[in-house]
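Enquirer: Okay, here's the structure, questions in a sec.
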Amino acid sequence: MFIGALIAVSILAYIYGEPASSLLYSKPYLSSYVQMIGLGFPLMASLVCGDDPRLYGLRREGLAKSMALSAVPALALRALWGIPPSVKGYGLAFPFNILYALLAVAAYGPLEVFFVVWLIVNTDKVIKTGRRTLSPGLLATTLAFGLIHLVTAPRGGLPNAVTVAIEFTALGLVFKYSGNSVGPMAAWTLINGQVIRLLLGSLA
């Protein structure tokens, strides 16, 4: 994840001729590329290796259960937090405003959940605990993913890192219980404040 993100930032900094340290502050919509490259390696590896998508919950079985269990906490959290204050437009002309809005939804929604699900499945496989719902692989993955936000989203601090860890533990449990990851993907797209901010910013 970190290697992919560093590669993406370095390439973008070279293209735009700006220091990597300030690029994503001046052009926050570019963070979707960093997210897609940084989190995209498990997806690429799965495609190259010919993994069965059902292994990661991409299937019809359990879809209704997955959606139902994910919908309630997602809607409750979004209602609790509300819509983030509207951000100023990034000055993107059509069709780039739509492009970056769609990239934000894909990168900070389904792809992020797939990344975590991929880690859960493969960690459980390594330590042979895949049959448990609340498995060590799930707990280790979601805790690590939450703590990573101390680096990837430093403005949120420890409260944000802990919140992300708790949210992904809940979504991971939905995946493990239902065998389907579509519900958690939809829920995280709705919960994630970054999706809302980039969506509003790109469409403003």
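Enquirer: Pick out the one residue from Ala144, Ala165, Ala140 that is within 22 Å of Met36 (Cβ to Cβ) and out of contact with any Pro (no Cβ under 6 Å at 6 or more places or on another chain).
Expert: On the way: Ala165 fails: within 22 Å of Met36 (Cβ to Cβ); Ala140 fails: within 22 Å of Met36 (Cβ to Cβ).
The unique qualifying residue is Ala144.
Matching residues to (1) part of a helix (DSSP H, G or I); (2) among the polar types (S, T, N, Q); (3) touching a helix residue (DSSP H, G or I) at 6+ places or on another chain (Cβ under 8 Å); (4) surrounded by 17 or more Cβ atoms within 10 Å (Cβ to Cβ):
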site: Tyr14; (1), (2), (3), (4): yes, no, no, no
site: Ser22; (1), (2), (3), (4): yes, yes, no, no
site: Ser31; (1), (2), (3), (4): yes, yes, yes, yes
site: Met36; (1), (2), (3), (4): yes, no, yes, yes
site: Pro42; (1), (2), (3), (4): yes, no, yes, yes
site: Val48; (1), (2), (3), (4): yes, no, no, no
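Enquirer: So which of Val164, Val195, Val174, Val151 is among the hydrophobic types (A, V, I, L, M, F, W, C) and loosely packed, with under 15 Cβ neighbours inside 10 Å? Don't jump to the end; show me each part of the working.
Expert: Details: Val164 fails: loosely packed, with under 15 Cβ neighbours inside 10 Å; Val195 fails: loosely packed, with under 15 Cβ neighbours inside 10 Å; Val174 fails: loosely packed, with under 15 Cβ neighbours inside 10 Å.
Step by step, each of Val164, Val195, Val174, Val151 is checked, and only Val151 is among the hydrophobic types (A, V, I, L, M, F, W, C) and loosely packed, with under 15 Cβ neighbours inside 10 Å.
Enquirer: Are there helices (runs of 4 or more DSSP H) fully within segment 130-204 with at least 3 residues that are in contact (Cβ under 8 Å) with a residue 24 or more places away in the chain and small (Gly, Ala, Ser)? List them. Reasoning before the result, please.
Expert: Details: elements: 136-152, 157-178, 182-191, 193-203.
Filter on segment 130-204 gives 157-178, 182-191, 193-203.
Enquirer: A further question on this structure: Given the criteria more than 18 Å from Ile191 (Cβ to Cβ) and either crowded, with 19+ Cβ neighbours inside 10 Å or hydrophobic (A, V, I, L, M, F, W, C) (or both), does Tyr108 qualify? If you could, list the steps in order and put the result at the bottom.
Expert: On the way: more than 18 Å from Ile191 (Cβ to Cβ): no; either crowded, with 19+ Cβ neighbours inside 10 Å or hydrophobic (A, V, I, L, M, F, W, C) (or both): yes.
Taking the combined requirement at face value, the residue does not satisfy it.
Enquirer: Kindly provide the set of residues from segment 176-204 that are aromatic (Phe, Trp, Tyr) and either more than 15 Å from the chain's Cα centre (by Cα) or more than 25 Å from Ala68 (Cβ to Cβ) (or both), ordered by number.
Expert: From segment 176-204, those aromatic (Phe, Trp, Tyr) are 177, 188; that's our starting set.
Of everything in segment 176-204, just one residue is aromatic (Phe, Trp, Tyr) and either more than 15 Å from the chain's Cα centre (by Cα) or more than 25 Å from Ala68 (Cβ to Cβ) (or both), namely Tyr177.
Enquirer: Here's a follow-up. Given (1) in a helix (DSSP H, G or I); (2) surrounded by fewer than 22 Cβ atoms within 10 Å (Cβ to Cβ), identify the lone condition not met by Tyr100.
Expert: Against the list (1) in a helix (DSSP H, G or I); (2) surrounded by fewer than 22 Cβ atoms within 10 Å (Cβ to Cβ), Tyr100 comes up short only on (2).
Each reported figure results from applying straightforward, stated rules to the coordinates on display, with no laboratory input. Keep in mind it's a predicted model, so treat the numbers as computed, not measured. Reconstructed Cβ throughout: ideal geometry from the backbone, glycine too, with neighbour counts over all protein chains shown.
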